[in-house]
Structures are given as C-alpha cells and as structure tokens.
Amino acid sequence: MVSAVFHSPARALPEAKAAVKNAVAAAPPAAPVQPPTASVRPARPSYDWRELGFKVVPPIVGLALLVGIWALLTMKSTTFPTPAATFAEAVKVFSDPFYSKGPNDQGIGWNILFSLQRVAVGFGMAALVGIPLGFMIGRFEVLNRMVSPLISLLRPVSPLAWLPIGLLVFKAANPAAVWTIFICSIWPMIINTAVGVQRVPADYLNVARVLNLSEWKVMTRILFPAVLPYMLTGVRLSVSTAWLVIVAAEMLTGGVGIGFWVWDEWNNLNVQHILIAIFVIGVVGLLLEQLLVSVAKRFTYDDV
Amino acid sequence: MNSFIEVQNAEMVFATRKGRFHALHDINLTVQKGEFVTLIGHSGCGKSTLLNLVAGLTVPTAGTLLCDNREIAAPGPERAVVFQNHSLLPWLTCLENVHLAVERVFGANETKAQLVARSKAALALVGMDHALTKRPHEISGGMKQRVGIARALAMEPKVLLLDEPFGALDALTRAHLQDELLKIVARTASTVVMVTHDVDEAVLLSDRIVMMTNGPAATIGEILSVELPRPRDRIELAEDTRYVHYRKEVLDFLYTRHGRAVQQAA
C-alpha cells in the first residue's frame with residue numbers, strides 16, 4: 001500500500017473544542033477589546049488576560065526577533081536592504097497594486113492573481129482526475145496493486161523535472177506551468193482519497209451489504225461521507241504543494257505571475273521587492289491553507 | 001414442521017496469516033418460524049461467525065445454509081442484522097438511517113410519504129420518535145442501539161439477527177431494552193437469532209438456547225429448550241424455580257463442562 005500523510009478527522013476535533021472553550025472564556029466581558037482603562041467595574045470576574053497574553057505575545061516576540069536580527073545584520077550592508085527600507089518599499093508597492101505597464105511591468109496584485117489563476121486551473125484539474133482515481137484505487141485492489149508502484153515512483157519527482165515535458169507537449173509556457181501544478185498536486189489527493197476509501201469501517205460496508213444498497217447509494221451515502229475528511233486533507237496538502245510549485249515554474253516560464261516577478265526583480269537587482277514577494281507568497285499560502293482547514297472542519301463529523 | 005432456517009453440516013475455516021483456522025465444525029441447527037433462539041458460548045467460540053453465516057456476510061467453507069428453503073448466498077434485507085456496535089452512519093440523522101433501509105426494501109412500490117411514514121413508525125416502535133432529526137453522536141448508546149433495531153425492524157425481515165446487541169450497554173439500560181425487545185418480538189411475531197454471552201439474557205428471551213463448545217473447531221454442544229410461559233416478567237422469573245434451573249443448566253455447561261479454552265490449553 002502507498003503510505004500517506006493524513007490527518008485523522010478526530011484530530012481536528014480537540015482543536016475545534018479548544019476554540020469553543022476560548023470563545024466561551026471570551027464571552028463574559030461585554031467588550032473584551034476595550035483597554036482596561038475603559039472598564040469601570042473592576043469587581044467583575046475579568047477576562048483571562050494571561051491566556052490571551054500567552055497566545056499573542058510569543059508570536060509577536062518571534063517576529064520582532066526576526067526583524068531585529070535582520071536589522072542588525074543589515075546595518076552596515078550596502079547590498080541587502082534594511083527592514084525599514086523594505087517596509088517603505090512595500091507601502092509603495094501596495095499603494096498601487098493593479099497598474100499595468102506592458103507585459104513585464106505589472107502591479108503585484110496582477111502578479112498574485114495570475115499566479116492564483118494558474119494554481120486554480122492546474123489544481124482544479126488535478127482534483128477532477130485525482131479524487132475519482134483515488135476512489136477507484138481504494139475500491140478495487142487490482143487497480144491499487146497496478147498503480148501503487150507508479151505513484152511511489154513518480155511522487156518524489158521534483159516539480160521542475162516535469163516542466164520540460166509540459167513545454168514539449170504543449171509548446172507554450174503557460175500550459176506547461178499549469179501542467180506542472182497539475183502533476184505535482186495530484187498525488188496527495190489520489191493517495192489520501194484511496195487511503196480514506198480503504199479505511200471506511202467494515203461495519204458500514206456490512207450495513208450496505210445487509211441493506212443490499214445499490215453501488216450508487218453505497219457511493220453517495222456511505223463511501224463519500226466517510227472519505228470526505230481524508231479527501232479534504234489531500235486537497236489541503238495539494239493546494240500547499242501547488243502554491244509551492246507555481247513560484248518555481250513561473251521563474252522558468254515567465255509571463256505575469258509572482259514567481260516571474262521574483263525573477264524579474266532579481267534581474268533588476270531589486271532585493272527589496274524580492275523580500276516583499278517572499279512575504280506575500282507566504283501570506284497567500286497561509287490563507288489558502290486556512291481557507292481549506294475551515295472547509296475541512298465543517299465537514300468532519302463526530303464518529304461516536 | 002415449518003423449519004425456517006436450516007444449517008446443515010456447516011464448516012468454517014479461515015485462512016489467516018498464521019495458517020488455517022478451523023472456526024466452526026459440523027454445525028447443524030434448525031430454527032422454526034417465530035422462534036427466538038440465542039447462541040451462547042465463551043468469547044471466540046465462533047457464535048458471531050455462525051450468525052454471519054446466517055446473515056450471508058461470510059460464506060461457509062462447506063455445508064449448506066437455507067432460509068425459507070432457499071440457499072443463503074449473500075446478505076439481504078430479509079435477514080436484517082443488528083450489529084454489536086450499532087453501526088449507524090454518523091452523517092445521517094436517526095430518521096435518515098432508518099429511511100436508507102426502508103427506501104431500499106419498499107422504494108419500488110410505495111410513495112415517498114409512505115416510506116417516511118414507515119421509517120417514523122419503526123422509530124416509534126422502539127420509542128425513538130422524539131429523536132428523528134438527531135444524529136447518532138447526539139444520543140446515548142442505548143438509544144443508538146434502539147435505532148439500530150428500528151432500522152432492522154423497518155425492513156420487515158423474515159429473520160432478525162442480533163449480534164450481541166446489548167453487549168456494550170450498562171446493566172439497567174440493557175434490562176430495559178431486553179424488555180422492549182420481548183414486547184416488540186411478541187407484537188411482530190419475528191423469528192430471531194441472537195448472539196449473547198449473558199446467561200440471564202439468554203434464559204429470559206429465548207425459546208431455545210444453543211450452547212456452543214470452545215474453539216477451535218467449535219460446534220454445538222447442547223440445545224436447551226426454555227419452556228417458560230410468555231409474556232415473561234424478569235421480576236417474577238427471578239424466583240421461579242424453572243428459571244433458576246435453566247440458568248443453572250447454562251452456567252453448568254459454560255463453566256463446569258466447557259470452561260474457558262485458555263485454561264484447557266494451559
């Protein structure tokens with residue numbers, strides 16, 4: 001069997017419960033965001049500042065440390081920009097994100113949107129192919145034995161190794177980039193869906209057999225809901241991979257996109273823009289991941 | 001005689017990684033229509049395996065199984081199973097869980113409203129009509145098992161197969177559900193085969209108790225007919241000499257003559 005990275009649906013629950021607990025803890029004071037000077041009733045059981053502090057302070061300290069070290073190291077440097085200079089440049093870049101001065105000079109907003117569009121197309125096609133394939137591999141042992149060695153062989157291949165194949169077949173840069181996204185983000189979805197199908201509790205399948213359900217009902221009422229949490233984990237991993245790959249692919253293929261922007265700014269020796277791009281890539285990746293985590297949480301069920 | 005389920009010379013051998021495991025040997029059993037039969041024995045003696053054979057979930061290595069004079073080749077709704085751990089689908093409500101079964105059995109001939117009415121009636125029969133829209137994780141273990149029973153009953157099966165249905169429940173809930181089951185079976189005149197490891201449960205519910213020897217190659221050791229009048233009341237029976245006698249018979253079989261396999265092997 002292909003081994004997979006997967007998160008059991010049960011693991012998401014304690015997090016959710018903790019979140020609920022925090023929400024409840026936050027509920028009693030009417031306006032927890034108000035500064036302490038505004039509260040005139042000190043006798044009331046107050047908000048758990050300690051817990052909030054423990055959650056908020058360490059990340060801020062971490063960020064401050066990073067910026068501090070960066071500032072220290074770049075104090076005397078002439079090539080590497082200081083945090084302040086980078087921040088000033090970022091304000092400039094983000095003040096006009098959607099300008100367009102020809103194909104090689106567009107605002108950062110356009111660059112992000114073009115990259116996201118490529119990711120959406122490549123990832124969407126990977127989902128359309130990967131999820132049904134995963135279902136079939138999970139359901140039919142023969143297919144599993146047939147495909148598993150191939151998956152194990154192809155999965156670890158670097159994204160960039162697929163790019164020439166795309167260029168050769170499609171004879172254009174943009175489809176080649178989309179192809180690279182497709183082939184790199186398909187594996188987690190295939191594997192997680194297949195594992196999910198294989199782990200559907202035997203009891204549920206026995207129920208299906210006793211009730212003599214049609215294959216369609218088995219699919220829609222038993223397999224699909226049971227596999228959904230696994231599938232969403234695969235989708236999450238895939239989106240992260242896709243976003244990881246797009247930067248590298250665009251560096252090589254060009255066009256408008258965040259990856260090409262990084263490469264273009266390197267050729268312009270505009271290091272500030274590269275640092276801004278790294279930050280933006282990180283934030284967008286984080287948002288994509290969070291979006292899918294929240295989707296996944298909605299679809300997990302209590303299995304008791 | 002209207003013998004309804006017939007098991008003839010059934011053998012069951014499992015191919016495991018450690019080799020062949022001979023689970024059941026030479027099982028012969030006949031169940032009459034409307035009869036309540038329990039299978040009792042120590043854990044691992046193959047009583048659930050025998051039930052699965054009757055259900056059609058597993059196929060015997062040798063021998064024949066008949067239900068209503070037709071060979072049992074696959075599972076089917078006419079032999080409804082109530083599983084040990086309720087096996088309700090967690091993403092469906094109680095009503096939907098029952099409806100899934102009803103739809104399959106009666107969907108071809110009845111309207112949607114009739115099907116829903118059937119599902120609701122089955123849940124009402126087990127006293128769960130207050131929780132139609134609840135999901136399994138929102139109700140207690142005893143309630144889940146009731147819904148499991150409702151799902152089985154809703155299919156109007158020829159035989160009800162119960163695999164230690166109350167095993168995971170606390171003693172009070174178990175007693176309560178046993179009484180409910182007695183009433184339901186009396187009302188529907190169902191044929192029931194039930195696996196249990198609880199001696200009191202077996203005596204209270206059964207017409208006949210099938211006592212199985214220890215595995216490997218477990219077989220039917222003895223069959224005890226319980227001739228207590230119905231309806232049965234657990235409080236009255238507690239001091240009934242016949243009840244005490246039957247209870248002792250079973251205990252005798254299980255502990256004196258067929259103590260745990262582990263001890264014999266040691």
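The numbers here are math on the coordinates, done by the rules we state, and not lab data. Everything numeric in this text was worked out from a predicted model, so none of it was measured. Here the Cβ positions follow ideal geometry from the backbone for every residue, glycine too, while neighbour counts run over all protein chains shown.
Just wondering, is there one or more residues in region A:91-100 that are of a type in the set (Asp, Glu), out of contact with any Lys or Arg (no Cβ under 9 Å at 6 or more places or on another chain), within 27 Å of A:PHE260 (Cβ to Cβ) and assigned to a loop (DSSP other than H, G, I, E, B)?
To start, the set of residues in region A:91-100 that are of a type in the set (Asp, Glu) comprises A:96.
Those left that are additionally out of contact with any Lys or Arg (no Cβ under 9 Å at 6 or more places or on another chain): A:96.
Then drop every residue that is not within 27 Å of A:PHE260 (Cβ to Cβ), which leaves A:96.
Narrowing further to those that are assigned to a loop (DSSP other than H, G, I, E, B): A:96.
Looking through region A:91-100, at least one residue is of a type in the set (Asp, Glu), out of contact with any Lys or Arg (no Cβ under 9 Å at 6 or more places or on another chain), within 27 Å of A:PHE260 (Cβ to Cβ) and assigned to a loop (DSSP other than H, G, I, E, B).
Can B:GLN84 be described as within 28 Å of B:SER140 (Cα to Cα) and touching a strand residue (DSSP E or B) at 6+ places or on another chain (Cβ under 8 Å)? Can you show your working first?
Numbers: within 28 Å of B:SER140 (Cα to Cα): yes; touching a strand residue (DSSP E or B) at 6+ places or on another chain (Cβ under 8 Å): yes.
It is true that B:GLN84 is within 28 Å of B:SER140 (Cα to Cα) and touching a strand residue (DSSP E or B) at 6+ places or on another chain (Cβ under 8 Å).
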Pair list, Cβ < 7 Å and 6+ apart or interchain, from region A:195-211 residues that are hydroxyl-bearing (Ser, Thr, Tyr) to residues that are not in a loop (DSSP other than H, G, I, E, B):
A:TYR204/A:ILE222; A:TYR204/A:ALA226
Subset of region A:157-186 [within 30 Å of A:THR300 (Cβ to Cβ) and crowded, with 24+ Cβ neighbours inside 10 Å]:
A:ILE181, A:PHE182, A:CYS184, A:SER185, A:ILE186
Here the residues within region B:76-91 that are within 7 Å of another protein chain (Cβ to nearest Cβ) and not β-branched (Val, Ile, Thr) are B:GLY76, B:PRO77, B:ALA80, B:PHE83, B:ASN85, B:SER87, B:LEU89, B:PRO90, B:TRP91
Does at least one position in region B:122-132 carry a residue that is loosely packed, with under 15 Cβ neighbours inside 10 Å, away from chain A (no Cβ under 14 Å) and free of Cβ contacts under 8 Å to residues at least 24 places away in the same chain?
yes
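Of all residues in region A:258-304 being of a type in the set (Ser, Thr, Tyr) and out of contact with any Phe, Trp or Tyr (no Cβ under 6 Å at 6 or more places or on another chain), which is nearest to A:ALA90 (Cα to Cα)?
Step one: filter region A:258-304 for residues of a type in the set (Ser, Thr, Tyr), giving A:294, A:300-301.
Narrowing further to those that are out of contact with any Phe, Trp or Tyr (no Cβ under 6 Å at 6 or more places or on another chain): A:294, A:300.
Working: A:SER294: 29, A:THR300: 39 Å.
In this case the residue turns out to be A:SER294.
Look at B:PHE36 and say whether it is among the aromatic types (Phe, Trp, Tyr), more than 14 Å from every other protein chain (Cβ to nearest Cβ) and over 16 Å from the mean Cα position of the chain (by Cα). Quick ask: steps written out before the conclusion?
Numbers: among the aromatic types (Phe, Trp, Tyr): yes; more than 14 Å from every other protein chain (Cβ to nearest Cβ): yes; over 16 Å from the mean Cα position of the chain (by Cα): no.
It is false that B:PHE36 is among the aromatic types (Phe, Trp, Tyr), more than 14 Å from every other protein chain (Cβ to nearest Cβ) and over 16 Å from the mean Cα position of the chain (by Cα).
Which fully enclosed helices (runs of 4 or more DSSP H) of region A:139-213 have 2 or more residues being under 27 Å from the mean Cα position of the chain (by Cα)? Give the steps one after another, and end with the answer.
Values: elements: A:141-154, A:159-170, A:173-198, A:202-211.
The helices (runs of 4 or more DSSP H) meeting that bar are A:141-154, A:159-170, A:173-198.
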Can you pull out the residues in region A:265-304 that are out of contact with any helix residue (DSSP H, G or I) (no Cβ under 7 Å at 6 or more places or on another chain), within 17 Å of A:PHE80 (Cα to Cα) and not polar (S, T, N, Q)?
A:LEU269, A:VAL271, A:ILE278, A:PHE279
